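Only one structure is covered here, and it is reproduced in the block below.
FYI, it's all coordinate maths here, none of it is from the lab. Just so it is clear, the structure is predicted and the values come from calculations on it, not from any experiment. So basically every Cβ, Gly included, is an ideal-geometry build from the backbone, and we count neighbours across all protein chains shown.
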Amino acid sequence: MLKLVFLGRLEDAAGAAEREIEAAETYDDVLAGLEPELAATLRDVRIRLALDGVLVGDPASLSLRDGQELAFLPPVSGG
Amino acid sequence: MITDVRLLCEPFDPAAELAAFSAGQTTAGGIVSFLGQVRSGGGVQALELRHYEPLTLPGMQKLAEKATRRWPLDALLIIHRSGLMHPGDPIVLVAAASRHRRDSFAAAEFAMDHLKSESWFWKRERAGGEWRWIEPREVDFEALQRWG
């Protein structure tokens, strides 16, 4: 299993703040398993990724393992 | 050098925090503080800030380190709320103490500019009974540029 976390407005796009999916090896595998509309939203280049709490530089380089947490971080709006 | 960086999910009392922060700063010639609060108007009934546990507080701590490396501070305080707030509620308190006032002014503003546009928070507002996510503002990014 892989835990997906959707921050900010992505929570509305995904319909929930978190979702568990079957294990996937690559980022493309993750997106391919999601609803096409959500996958398209997540492909926005402004969205950063964090794997197990560490920011990911290049999503294409991801090699995912069972039990990990992948977070989708849209542009921030704090303060 | 004292740094106190906190991410709170409950309301806080900015006056009490500032008094506690200032109490020990006997060698500082100046203490500058900034309080950000939920503004009323525009029909805003509530504001909610979300954070991401693994990134948000560590990011705030790194920001504090950056500020303390850049200016000779005696102490730095950063308190940021997460969760549900209402108009008038404090959101963020930054305070800097230094021997000379300019370092405190600069460090407090540096911290605020980075909290606004770089820290891992997402904000939504409720108006007319509807929640709406707030997009980042260009002016907040522009504010960052002058720090190089």
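Among B:His114, A:Gly15, A:Leu70, whose Cα lies farthest out toward the positive end of the dipole of the protein assembly as shown, if unit charges sit on the beta carbon of Lys, Arg (+1) and Asp, Glu (-1)?
Towards the positive end, the residue furthest out is B:His114.
Only Cα pairs within less than 10 Å get springs; with that Gaussian network setup on chain B, which residue of B:Glu138, B:Glu17, B:Glu125 has the largest fluctuation?
Looking only at B:Glu138, B:Glu17, B:Glu125, the biggest GNM fluctuation is shown by B:Glu138.
Quick one: net charge of A:Glu25's neighbours, Cβ under 15 Å, K/R +1, D/E -1? Intermediate values should be presented prior to the final figure.
Working: positive: A:Arg65; negative: A:Glu22, A:Asp28, A:Asp29, A:Asp66.
That works out to -3.
Over the Cα atoms, compute the radius of gyration (one decimal) and Dmax (the largest Cα-Cα distance, rounded to a whole number) for chain A, in Å.
11.6, 36
Which residues among segment B:89-125 fall inside the zone where the amide N is under 13 Å from a point 7 Å beyond the Cα of B:Glu48, along Cα→Cβ?
B:122-125
Return P(r) of chain B (all Cα-Cα pairs; 10 Å bins starting at 0; whole %; ordered from short to long distances).
In order of increasing distance, the bins hold 11, 40, 35, 12, 2 percent.
From the phi angles alone, apply the Karplus equation (6.51, -1.76, 1.60; θ = phi - 60°) to segment A:10-18 and give each ³J(HN,Hα) in whole Hz, x where the residue is Gly or Pro.
Calculated HN-Hα couplings, in order: 5, 4, 5, 5, 8, x, 6, 6, 9 Hz.
Once you sort the root eigenvalues of the Cα gyration tensor of the protein assembly as shown as a ≥ b ≥ c, which label holds: rounded (a/c under 1.5), prolate (a/b larger than b/c) or oblate (the other case)? If you can, show how the numbers build up before the last one.
Working: a/c = 2.39, a/b = 1.70, b/c = 1.40.
It is prolate, given that a/c is not under 1.5 and a/b is the larger ratio.
Measure off 7 Å from each Cα along the Cα-to-Cβ vector at B:Ala15 and A:Glu35, then give the distance between these two points in nanometres to one decimal.
Rounded to a tenth, the inter-label distance reads 4.9 nm.
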